[in-house]
Amino acid sequence: MPVDLNDPEVKKAIKEAADAAVSEATAGLIAKNQELLGKVKKLQKDAAIDPAEYQALSEAKDTAEAKLAEALKTTKQALSQAEKDRKALEAETGYVSKLLIDNGLTDALLKAGVKPEMSKAVKAMLASQVSLKVEGDKRSAVVGDKALSDFVTAWAQSDEGKHFVAAPANQGGGANGGAAGAGNKKTMARAAYEQLGPIQRMEFIKGGGTLTT
């Protein structure tokens, strides 16, 4: 099941696991090192020092310190790799989320009848409102409490959205009326249109503008 890395409880659990790993890896060595240091200090204070025992304790202390240093190094490397893996997973999760939202919008706009040449502009306008809803191992794109497809369908029928929707093909006597004002239509090259901001694009379309190649 996918893990939400932004969940405070998940972050807390990762930190606690890392702290526990460090503690478990080093606690025994630290205790042993402290024990040996205590014995060495005791011998150093004793007027009668057994050279052989002192040498053995010194070597044992050096060995313990070396093992402790190695354990700390290994633990640090493990934690560093875990952080890299976490960031890689987070980046991959972000990419998947973006892909689901982008594909969901493309499909919803197509079904809602949005003009193909307007699809890119509309996606830019609506994308910030879309989020992913997580239910177990299922991900779905939503806007508020509505499924993305339902939201786009309603938006396309609104006063704002209807200007971006392709009109049904004219039939019968209505065809002539639709052609009467064709000479007054504003046109703009696609490259110039893509340089406009979302609001300017909307005003252009509302004004009856069309794009040229």
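The values are calculated or read from the model by the stated rules, or taken from the named source; none is laboratory data. All values reported here derive from a predicted model rather than from experimental measurement. Here the Cβ is made from the backbone with ideal geometry for all residues, glycine too, and neighbour counts use every protein chain on show.
Return yes when residue 133 is in contact with a Ser or Thr (Cβ under 9 Å, 6 or more places away or on another chain), surrounded by 14 or more Cβ atoms within 10 Å (Cβ to Cβ) and closer than 14 Å to residue 101 by Cα and no when it is not. Taking the combined requirement at face value, the residue does not satisfy it.
This table checks each residue for (1) charged (D, E, K, R); (2) closer than 30 Å to residue 212 by Cα.
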| site | (1), (2) |
| --- | --- |
| 59 | yes, no |
| 63 | no, no |
| 66 | no, no |
| 75 | no, no |
| 79 | no, no |
| 123 | yes, yes |
| 137 | yes, no |
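Might you check whether a residue that is touching an Asp or Glu at 6+ places or on another chain (Cβ under 7 Å), exposed (fewer than 15 other Cβ atoms within 10 Å of the Cβ), modelled with pLDDT of 75 or more and of a type outside the set (Asp, Glu) occurs anywhere in region 150-159? Give the steps one after another, and end with the answer.
Filtering region 150-159 for residues touching an Asp or Glu at 6+ places or on another chain (Cβ under 7 Å) gives none.
No, every residue in region 150-159 fails to be touching an Asp or Glu at 6+ places or on another chain (Cβ under 7 Å), exposed (fewer than 15 other Cβ atoms within 10 Å of the Cβ), modelled with pLDDT of 75 or more and of a type outside the set (Asp, Glu).
Residue pairs whose Cβ atoms lie under 8 Å apart, separated by 6 or more positions or on different chains, with the first residue in region 42-67 and over 15 Å from residue 32 (Cα atoms) and the second at pLDDT 85 or above and polar (S, T, N, Q), do not occur.
Would you confirm whether any residue within region 177-189 is surrounded by 10 or more Cβ atoms within 10 Å (Cβ to Cβ), at pLDDT below 80, assigned to a loop (DSSP other than H, G, I, E, B) and out of contact with any helix residue (DSSP H, G or I) (no Cβ under 9 Å at 6 or more places or on another chain)? The answer is yes; a qualifying residue exists. Residues that are hydrophobic (A, V, I, L, M, F, W, C) and not in a loop (DSSP other than H, G, I, E, B) within region 195-213 comprise 199, 202, 204, 205, 211, listed in sequence order.
Select from region 40-64 the residues that are touching a helix residue (DSSP H, G or I) at 6+ places or on another chain (Cβ under 6 Å), within 29 Å of residue 76 (Cβ to Cβ) and modelled with pLDDT of 70 or more and list them in ascending order.
Our first condition is that a residue be touching a helix residue (DSSP H, G or I) at 6+ places or on another chain (Cβ under 6 Å); within region 40-64, this holds for 40, 43, 49, 54, 57, 60-61, 64.
If we keep only those that are within 29 Å of residue 76 (Cβ to Cβ) as well, we get 40, 57, 60-61, 64.
Those that are touching a helix residue (DSSP H, G or I) at 6+ places or on another chain (Cβ under 6 Å), within 29 Å of residue 76 (Cβ to Cβ) and modelled with pLDDT of 70 or more: 57, 60, 61, 64.
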